[in-house]
1. Specify which of the listed residues (V263, V270, V248) is under 30 Å from L290 (Cα atoms), of a type outside the set (S, T, Y), in contact (Cβ under 8 Å) with a residue 12 or more places away in the chain and open to solvent by 50 Å² or more (accessible area, probe 1.4 Å).
2. Being part of a loop (DSSP other than H, G, I, E, B), within 16 Å of the ligand (Cβ to nearest atom), at pLDDT below 80 and out of contact with any Pro (no Cβ under 6 Å at 6 or more places or on another chain): is that true of T206 here?
3. Quickly run through segment 138-162 and pick out the residues that are within 16 Å of Y320 (Cβ to Cβ) and under 14 Å from the mean Cα position of the chain (by Cα).
4. Can you pull out the residues in segment 46-83 that are assigned to a loop (DSSP other than H, G, I, E, B) and open to solvent by less than 40 Å² (accessible area, probe 1.4 Å)?
5. Are any of the residues in segment 127-144 of a type in the set (A, V, I, L, M), within 13 Å of the ligand (Cβ to nearest atom) and part of a helix (DSSP H, G or I)?
6. Mind counting the residues in segment 286-323 that are more than 15 Å from the chain's Cα centre (by Cα) and under 16 Å from D56 (Cα atoms)?
7. Identify the residue in segment 82-126 that is within 14 Å of the ligand (Cβ to nearest atom) and of a type in the set (S, T, N, Q) and, among all such residues, is modelled with the lowest pLDDT.
8. Starting from segment 115-144, keep only residues that are closer than 17 Å to I279 by Cα, then list their pairs with residues that are among the basic types (K, R) and assigned to a helix (DSSP H, G or I) whose Cβ atoms are within a distance under 6 Å, requiring at least 6 positions of separation or different chains.
Amino acid sequence: VQEQYPDKAQIIFFTPQGVGPGWGYRAQVFPALEGDGSRLVIDLSCAFVNTSPLPDPGSFTFVKGSGKKLAAVIDPGHGGSDPGATAVVVEKAVSLEVSKRVANYLQAAGVQTTLTRQDDSALSAEKRSDLTQRVALAEGKGLYVSIHANAAPASKINSWCGPEVYYYGPENARVLYPVPSSVALSQPVTPTVADYDLTGDMLRPTSGDPGYTPPDENSFQPSSLPTPTPQMDSARRMELSRTLASRVMSYLLGSTAAFNRGVRSADYYVVRYNTVPAILVEMGYATHPLEGLNLRDDNYLTRISYGIARGILEYLENDYPGG
Ligand SMILES: [Zn+2]
C-alpha cells in the first residue's frame, strides 16, 4: 500500500511475523543512484531479532505452585566428542551456556534444577548410552527440557531461522528404535537403525515444512526390532509436554522477537523415551549467517535463556499437576 504526498510517501508492509523498532526489519537511506534524491532500502529477515539488553525481569513468585515440589532437568544437548551442529556457532557450547543461564533463573525462583552436564563432556562416549543416562536423570522430577541449536540443509542455510520447540506426539508413535528401558546404564549398547535421529537434530524437513515427507517405514524391517513398551501414562505425558512446549515457545518469542517456526512434534529420543513431560528446544539455526551471529550475542543468549525459563516457570505455576 502506497500513499503519495507532495513531500513524502507512506509505505505499509504486511509481514507474516511481527516487526517493531529494532527487530524484524532494517531500514537505511542511501544517496540516490542518480540525481539529488535518496534511496530507501528496507531489509526484511527472519533473523532480525531483539538483541538489546534484557531489562531486569524481577523475581518470579509462585502462587498456585508454591506448595509443590518443583524440580526440573535441563539438558544441554551434545558435549564432549559430539559437538552437534558446527557452523557460525558450535552447538554444544551455546547449548551449555544457555542451559546454565536457564538453570540460574529456575533456581532463583526456587525450582530444584539438575543439569545433565556441567561442562564440555558427555555422559558416555556411546550415543545411545549417553542419551539413556540423560533421560534417567528425569526420574522423579517434574519436567525435562533439552536445549539445542539447529542445522539446515545446504539449500536452506540462508532461509531457515528461528526457534522450534518439539514434543513427542501421537502422530510420531512409530516404531523407530528399540526401547532403552532394559539397558543397564553402564552397559554400552550397539546403535541400530536411524541413529542419526538420536542426536536430537534433524537435517531433513519436519512436519510443517514445505517438502516434508514422512519417513518411509518400510525402509527397514520392523520385525527385526523389539517392540517398545509403553512409557508412563503416555497420553497424559504427551498432553503436558505439548502444554510445556507452548508455554516455552510463547515466552521465548516474547523475550527475543524471534521468527516463530512453531511448536512441533517429532521422534527425538530424549522426548520420546522420557518418564516426565519433556520437550526439545531448538533455539535457532547455527547455520544461518545472521542467526548464527545472534547465537553468539550475549544479550540474545540472555533473552533466549529468560524466555525458556519463564515458559517453564509459567508451566509449573499453571499446568504442572505434581504435588
Ligand atoms: Zn542438537
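The values are calculated or read from the model by the stated rules, or taken from the named source; none is laboratory data. Only a predicted model underlies this, so the values are computations on that prediction, with no experimental measurement involved. Because the Cβ atoms are built from the backbone with ideal geometry, glycine has one as well, and the counts that use them run over all protein chains shown. Accessible surface is based on the protein model in full, side chains and every heavy atom, while ligands, DNA and RNA are left aside. Shrake-Rupley method; radii C 1.70, N 1.55, O 1.52, S 1.80 Å.
1. Details: V270 fails: open to solvent by 50 Å² or more (accessible area, probe 1.4 Å); V248 fails: open to solvent by 50 Å² or more (accessible area, probe 1.4 Å).
Matching residue, one of V263, V270, V248: V263.
2. Values: part of a loop (DSSP other than H, G, I, E, B): yes; within 16 Å of the ligand (Cβ to nearest atom): yes; at pLDDT below 80: yes; out of contact with any Pro (no Cβ under 6 Å at 6 or more places or on another chain): yes.
So T206 fits the description; yes.
3. Of the residues in segment 138-162, the ones within 16 Å of Y320 (Cβ to Cβ) are 138, 140-145.
Within segment 138-162, Y144, V145 qualify.
4. First, the residues of segment 46-83 that are assigned to a loop (DSSP other than H, G, I, E, B): 46-70, 77-78, 80-81, 83.
C46, A47, F48, V49, N50, F62, G65, L70, G77, H78, G80 - these are the residues of segment 46-83 that are assigned to a loop (DSSP other than H, G, I, E, B) and open to solvent by less than 40 Å² (accessible area, probe 1.4 Å).
5. Pass one, segment 127-144, residues of a type in the set (A, V, I, L, M): 131, 135-138, 143.
From what's left, within 13 Å of the ligand (Cβ to nearest atom): 131.
From the residues that got through so far, the ones that are part of a helix (DSSP H, G or I) too are 131.
Among the residues of segment 127-144, at least one is of a type in the set (A, V, I, L, M), within 13 Å of the ligand (Cβ to nearest atom) and part of a helix (DSSP H, G or I), which makes the answer yes.
6. Number of matching residues: 2.
7. T86
8. Matching pairs, first to second residue: T116/R134.
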